[in-house]
Amino acid sequence: MSKNKLTAFNLPKSIEWKNGELYLLDQTLLPHSMVMEKQETVEQVWHSIQLLKVRGAPAIGVAAAYGLCVAVRDAQEQPLDRYKELVKQKAAYLDSARPTAINLNWAMTRMIDHMEKMNVSNAVELYSALVKEAELIHAQDRALCLGMGETGAPLIQEGMGIMTHCNAGGLATSELGTATAPMYVAQAEGKKFKVFANETRPLLQGARLTSWELQQSGIDVTLLTDNMAAHMMATGHIDMVIVGTDRVVANGDVANKIGTLGVAIIAKHYDIPFYVACPSSTIDLKTAHGKDIPIEERSADEITIIRGQRVAPENIQTRSPAFDVTPNELVAGLITETEIIRAPFEQGIKDFFKGKNNE
Ligand code: MRU
């Protein structure tokens, strides 16, 4: 797929590093306004991640890599040993912003590993090496998206209806998205298909972000509420599901936005293939089983208050798990940057990483 065909899409830029400064698109304001917010401090970056101003697994990894540079930018006069300690401390802090998406931990680990390998004589040189590594992570994420697009596009056939959940698009990554990448590539190839975007309660990433992003790019998109998924599958509108993921573990279990598990179970019932677009940066080989993935629990206000309006009684008990885990037996395939991994997943994932060095 030539890059030119894909630049025709009006893809949003969620992260920008310009003249040594980090800018993040405040996704909480979408689709009403597009505000690039300059990140002045590491605390601001942490809050931007925690409040979902920047969100989506790959995007928070990239944002945190640059955020680490912001964290240590003004301490370059320190002796190298002390500077290295500071880098480690700030990386741990950024890593604590959200627990489920492995890309955050992956990016921080990669920055620290890079630091330990670098042969530098002072903090100024180390800072410049860290910026280069963050830029490389950003550029590689763009390439991973394109790879998933090319791997997954052949699954999309003329006339298909494709369901997606949450936002695994350009906003959640550095360019084409994960679940949306095959859609962008198939659209650029001239295929006609329909996307059905689930609204994704409680924070409406499907309604505010995915439907907006795909509409901007000229993709035929229809917004659904989450409770319409079964009906749309039962009535023959959906031929395939493609979602993104926050973490795939060694046995192929998949963590993604709350509600994904329900979509996968319904898809299985109707014999509709359920695919997960997953770059290698989202695979966690250190965790054996989905039950060991930490699930972020968010504030009750996100359930009881909608756009400033209280919709539930005061003091009501709530639960707010932000993610769920889909067992590997419900997954038709993991669309990676180079291949589709199919069952048995444990072996498939091992084979995929043979020759790659991010184990
Ligand atoms: O809470 P969010 O909005 O960060 O959740 C994002 C998702 O669940 C996405 O589907 C996932 O990160 C994949 S993004 C390419």
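The values are calculated or read from the model by the stated rules, or taken from the named source; none is laboratory data. Source: prediction; values computed, not measured. Every residue, glycine among them, receives a Cβ derived from its backbone with ideal geometry; neighbour counts consider all protein chains shown.
For this structure, a couple of remarks:
- One residue stands out in the range 221-242 among those that are in a helix (DSSP H, G or I) and within 16 Å of the ligand (Cβ to nearest atom): the one that is nearest to the chain's Cα centre (by Cα), namely D226.
- Pairs meeting the criteria (first residue in the range 65-84 and in contact (Cβ under 8 Å) with a residue 24 or more places away in the chain, second residue hydrophobic (A, V, I, L, M, F, W, C) and not in a helix (DSSP H, G or I), beta carbons under 6 Å, at least 6 apart or on different chains) are Y66/W17; Y66/L22; V70/L22.
- Members of the range 87-120 found to be more than 29 Å from F323 (Cα to Cα) and touching a helix residue (DSSP H, G or I) at 6+ places or on another chain (Cβ under 7 Å), listed by number: V87, H114, M115, M118, V120
- Residue in the range 130-148 that is more than 30 Å from C69 (Cα to Cα), surrounded by fewer than 24 Cβ atoms within 10 Å (Cβ to Cβ), at pLDDT 95 or above and charged (D, E, K, R) present: no
- Of all the listed residues (A277, A332, A255), the sole one being closer than 25 Å to Q157 by Cα and touching a Phe, Trp or Tyr at 6+ places or on another chain (Cβ under 9 Å) is A332.
- The number of residues in the range 304-327 being part of a strand (DSSP E or B) and among the hydroxyl-bearing types (S, T, Y) comes to 1.
- Count of the range 161-211 residues, restricted to those that are away from the ligand (no atom under 13 Å from the Cβ) and under 11 Å from the mean Cα position of the chain (by Cα), is 0.
- Of the residues I265, I349, the single one that is assigned to a helix (DSSP H, G or I), within 30 Å of A134 (Cα to Cα) and more than 16 Å from the ligand (Cβ to nearest atom) is I349.
- I341 touching a Leu at 6+ places or on another chain (Cβ under 7 Å) and more than 24 Å from L204 (Cα to Cα): yes
- Residue satisfying condition, being on the phi < 0 side of the Ramachandran plot, of a type in the set (S, T, Y), within 16 Å of the ligand (Cβ to nearest atom) and out of contact with any Phe, Trp or Tyr (no Cβ under 7 Å at 6 or more places or on another chain), within set T245, T304: T245
- Residue list for the range 19-47, restricted to those being more than 18 Å from Q205 (Cα to Cα) and part of a loop (DSSP other than H, G, I, E, B): N19, G20, E40, T41
Residues are listed down the side, and each one gets a yes or a no for (1) hydroxyl-bearing (S, T, Y); (2) out of contact with any strand residue (DSSP E or B) (no Cβ under 7 Å at 6 or more places or on another chain); (3) part of a helix (DSSP H, G or I):
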{"residue": "A255", "(1), (2), (3)": "no, no, no"}
{"residue": "D271", "(1), (2), (3)": "no, yes, no"}
{"residue": "Y275", "(1), (2), (3)": "yes, no, no"}
{"residue": "T287", "(1), (2), (3)": "yes, no, no"}
{"residue": "I295", "(1), (2), (3)": "no, no, no"}
{"residue": "E302", "(1), (2), (3)": "no, yes, yes"}
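- If you go through the range 195-213 and keep only what is in contact with a helix residue (DSSP H, G or I) (Cβ under 7 Å, 6 or more places away or on another chain) and either among the acidic types (D, E) or assigned to a helix (DSSP H, G or I) (or both), you end up with E199, L209, E213.
- L146 passes every criterion in (1) touching a helix residue (DSSP H, G or I) at 6+ places or on another chain (Cβ under 8 Å); (2) within 16 Å of the ligand (Cβ to nearest atom); (3) more than 30 Å from T222 (Cα to Cα) apart from (3).
- Count of the range 116-174 residues which are under 20 Å from I15 (Cα atoms) and in a loop (DSSP other than H, G, I, E, B): 6
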